[in-house]
Amino acid sequence: MKLDSQNIEKKSPLSEEDTVVIARPSRLRAALIALVAIVARECLRFLQQRGRFVAALVRPLVWLLVFAAGFRAALGLSIIPPYQTYITYETYIVPGLCGMILLFNGMQSSLSLVYDREMGSMRLLLTCPLPRWWLLSCKLLASTAISILQVYVFLAFAALIGVHPPWQGYFLIFPALVVAGLMLGALGLALSSFIKQLENFAGVMNFVIFPMFFLSSALYPLWRMAESSPLLRDICAANPFTYAVELIRFAFYQQWNGTALGLTLLFTAIFMGLAIWGYDPGRALIRRKG
Amino acid sequence: MTGLDVSNVSYAYGARQALDDVSFTVERGAFCALLGPNGAGKSTLYALLTRLFSTTSGQIEIAGQDLSKAPLAALARIGVVFQQSTLDLDLTVGQNLRYFAALQGLAGRSSNTAIDAVLDRLDIADRRSAKVRDLNGGHRRRTEIARALLHAPEVLLLDEPTVGLDAASRKALTDHIHHLCIESGLTVLWATHLTDEVAPDDRLVILHQGRILRDGIAQEIAGKDLTETFLDLTGAVE
């Protein structure tokens, strides 16, 4: 994107009596105005969809209250980094549930993109005089902002029922949530460019969300997985979601995990590259019969 | 300088040829109707004109800007009305327009001025605070057109904009766009499959099975009756 400043005073060709003069901003300013508008619109839409907000909150809370309570007795956890003492199972799965919120929201955003594409508003977005990669990045930032908002609301509820990490962790997870949210949002964006119809989205649920969540370190540590099946452990270790969860887990306890950060950033770049490729006009994925 | 220049554009979906060597130009300030039955290739052409697809062969110029070489400059000069709605039903007309203005880089006073002007022009200033869900079909289409005109484009592309409207609303909308074209020098490409939306003095391009069958002034092409001629040309008469 060129960032040169160009202020063109342009007279509307539409007006004779009521002359309208529109001052066009520089490309950089136009790009920022679009970013703010896209993020604000996504937030507004999210707040209007109360059902979505409640579902986003109830899902991890049910896991925390019901699933974790049942598993606490069955599953013993040894002391593994970043933990320095024995922890309850509820404490173990909180970072995984934060990841779950990011994962579901990333996919939900991709669902809304497929819907937008069928409805026409995605066409409109892509015909804006801004680089396509920028428009997609705006969408990605918007969905990540909403995801993070949901994570913090969930953490507040978790704290109310007594599950909370050290208080510094709440600040330190923010950058981790941004990186993990961007990775999962970029995955959703990439998937949305390859899904031709809204109906195909059920497939994403079955073949992306569930395997990604269950075959990761969100619910069980990898050494536990290895005890039952080394192959499953290897699959979990190859799952990008595992690294997003571990990044959040280590950040909670103020510990650095370079591998998780590096791999999460790498997968973000790969998924975003795929999304930009998928939405390339030359690939004509927004096609329909003429 | 022409408003719109399409030269030797072809496009295929795999083995199916959707557009085959399509060429035509629209002078600045002209209203051009692109008439074709369903499946003629109109929507494909619009997808190419708006760069949703990129041209694989041929060239498109919008108000003098080559769409392949300077896509952002070309896109900044067009306003588009798609067949599908692009409006958020739960937001008001004003909120919708503010979002679209921002996508065009307009904010603050510029945005408000532009919104006031287009709402006035489309005679829907009194609907600014109404939710789009509460508008009738005709007013929703007008809002779409207002949205497309917000950034003062030089070329307006409308893809079957009257779909779903009753006869009176269709006529009002067609007349309105003709009027805009005459009074302001806006170049308009209006895709339709309905012959009654074409005025005798309009430029007319007839597209069928991806090829241009006729290109000229509507009344010269029409002969006695445009509907009959159109049906004859496209082989729709049993």
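Taking the criterion of being in a loop (DSSP other than H, G, I, E, B) and surrounded by 13 or more Cβ atoms within 10 Å (Cβ to Cβ), the residues of the range A:208-233 that qualify are A:Leu215, A:Ser216, A:Ser217, A:Ala218, A:Leu219, A:Tyr220, A:Pro221. Taking the criterion of being more than 7 Å from every other protein chain (Cβ to nearest Cβ) and hydroxyl-bearing (Ser, Thr, Tyr), the only residue of the range B:31-47 that qualifies is B:Tyr46.
Does any residue of the range B:108-119 turn out to be of a type outside the set (Gly, Ala, Ser), surrounded by 24 or more Cβ atoms within 10 Å (Cβ to Cβ), more than 9 Å from chain A (Cβ to nearest Cβ) and over 17 Å from A:Cys138 (Cβ atoms)?
Residues of the range B:108-119 of a type outside the set (Gly, Ala, Ser): B:109, B:112-113, B:115-116, B:118-119.
Restricting the remaining residues to those that are surrounded by 24 or more Cβ atoms within 10 Å (Cβ to Cβ) gives B:118.
In the following step, the residues that additionally are more than 9 Å from chain A (Cβ to nearest Cβ) were identified as none.
Looking through the range B:108-119, none of the residues is of a type outside the set (Gly, Ala, Ser), surrounded by 24 or more Cβ atoms within 10 Å (Cβ to Cβ), more than 9 Å from chain A (Cβ to nearest Cβ) and over 17 Å from A:Cys138 (Cβ atoms).
Among the residues making up the range A:234-246, a single one is over 19 Å from the mean Cα position of the chain (by Cα) and surrounded by 18 or more Cβ atoms within 10 Å (Cβ to Cβ): A:Cys236. Is one or more of the residues making up the range A:192-199 assigned to a helix (DSSP H, G or I) and either under 14 Å from the mean Cα position of the chain (by Cα) or aliphatic (A, V, I, L, M) (or both)? The answer is yes; a qualifying residue exists. The residues of the range B:90-104 that are within 10 Å of chain A (Cβ to nearest Cβ), open to solvent by less than 30 Å² (accessible area, probe 1.4 Å) and at pLDDT 90 or above, listed by number, are B:Asn96, B:Tyr99, B:Phe100, B:Ala101, B:Ala102, B:Leu103. Among residues of the range B:208-233 that are over 16 Å from B:Ala191 (Cβ atoms), those with a Cβ under 7 angstrom from a residue that is open to solvent by 50 Å² or more (accessible area, probe 1.4 Å) and assigned to a strand (DSSP E or B), sequence gap 6+ or separate chain, pair up as B:Ile221/B:Arg214; B:Leu233/B:Leu213; B:Leu233/B:Arg214.
Conditions tested, residue by residue: (1) under 27 Å from A:Ile276 (Cβ atoms); (2) at pLDDT 95 or above; (3) in contact with a strand residue (DSSP E or B) (Cβ under 7 Å, 6 or more places away or on another chain).
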| residue | (1), (2), (3) |
| --- | --- |
| B:Tyr11 | yes, no, yes |
| B:Asp20 | no, no, yes |
| B:Glu27 | no, no, yes |
| B:Asn38 | no, no, no |
| B:Lys42 | no, no, yes |
| B:Tyr46 | yes, no, yes |
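Considering each residue of the range A:233-253, count those that are of a type in the set (Gly, Ala, Ser) and over 23 Å from A:Phe207 (Cβ atoms), and give that number. Walk me through how you get there before you give the answer.
The initial filter retains those residues of the range A:233-253 that are of a type in the set (Gly, Ala, Ser), namely A:237-238, A:244, A:251.
Filter again for over 23 Å from A:Phe207 (Cβ atoms), leaving A:251.
Of the residues in the range A:233-253, 1 are of a type in the set (Gly, Ala, Ser) and over 23 Å from A:Phe207 (Cβ atoms).
Where in the range B:124-237 are there strands (runs of 3 or more DSSP E), lying wholly inside it, with at least 2 residues that are within 14 Å of chain A (Cβ to nearest Cβ) and among the β-branched types (Val, Ile, Thr)? Write out each step before concluding.
Numbers: elements: B:155-159, B:187-192, B:203-208, B:211-217.
In the range B:124-237, B:187-192 are the strands (runs of 3 or more DSSP E) which contain 2 or more residues that are within 14 Å of chain A (Cβ to nearest Cβ) and among the β-branched types (Val, Ile, Thr).
Annotation note: Cβ proximity below 9 Å between a residue of the range B:15-29 that is within 12 Å of chain A (Cβ to nearest Cβ) and at positive phi and a residue that is of a type in the set (S, T, N, Q) and open to solvent by less than 60 Å² (accessible area, probe 1.4 Å) (sequence gap 6+ or interchain) occurs for B:Gly29/B:Ser184; B:Gly29/B:Thr187. Whether a residue is of a type outside the set (Phe, Trp, Tyr), under 30 Å from B:Gly216 (Cβ atoms) and in contact with a helix residue (DSSP H, G or I) (Cβ under 6 Å, 6 or more places away or on another chain) was assessed, and B:Gly105 does not pass this test. Checking the structure you have, find out if any residue of the range A:103-112 is under 28 Å from A:Leu32 (Cβ atoms) and within 12 Å of chain B (Cβ to nearest Cβ). Within the range A:103-112, one or more residues are under 28 Å from A:Leu32 (Cβ atoms) and within 12 Å of chain B (Cβ to nearest Cβ). All conditions in (1) open to solvent by 20 Å² or more (accessible area, probe 1.4 Å); (2) within 10 Å of chain A (Cβ to nearest Cβ) hold for B:Leu52, with the sole exception of (1).
Within the span defined as the range A:247-268, every residue fails to be away from chain B (no Cβ under 14 Å), open to solvent by 40 Å² or more (accessible area, probe 1.4 Å), modelled with pLDDT of 95 or more and within 30 Å of B:Gly14 (Cβ to Cβ).
B:Gly138 - would you say it is open to solvent by 40 Å² or more (accessible area, probe 1.4 Å) and not aromatic (Phe, Trp, Tyr)?
Values: open to solvent by 40 Å² or more (accessible area, probe 1.4 Å): no; not aromatic (Phe, Trp, Tyr): yes.
Spelling it out, it is not the case that B:Gly138 is open to solvent by 40 Å² or more (accessible area, probe 1.4 Å) and not aromatic (Phe, Trp, Tyr).
Scanning the range A:22-52 for residues that are within 7 Å of chain B (Cβ to nearest Cβ), more than 21 Å from the chain's Cα centre (by Cα) and at pLDDT below 85 yields A:Ile22, A:Ala23, A:Arg24, A:Pro25.
Do we have B:Gly64 as more than 30 Å from B:Gly164 (Cβ to Cβ), at the interface with chain A (Cβ under 10 Å from one of its Cβ atoms) and open to solvent by 10 Å² or more (accessible area, probe 1.4 Å) here? The answer is no for B:Gly64. Restricting attention to the range B:73-87, the residues being farther than 19 Å from B:Gly138 by Cα, facing chain A (nearest Cβ under 8 Å) and open to solvent by 10 Å² or more (accessible area, probe 1.4 Å) number 2.
The values are calculated or read from the model by the stated rules, or taken from the named source; none is laboratory data. In this text the structure is predicted, and so the values were computed from the model without any measurement. Quick reminder, even Gly has a Cβ in these numbers, built from the backbone with ideal geometry, and neighbours come from all protein chains shown. The accessibility values were calculated without ligands, DNA or RNA, using every heavy atom of the protein model including side chains. Shrake-Rupley method; radii C 1.70, N 1.55, O 1.52, S 1.80 Å.
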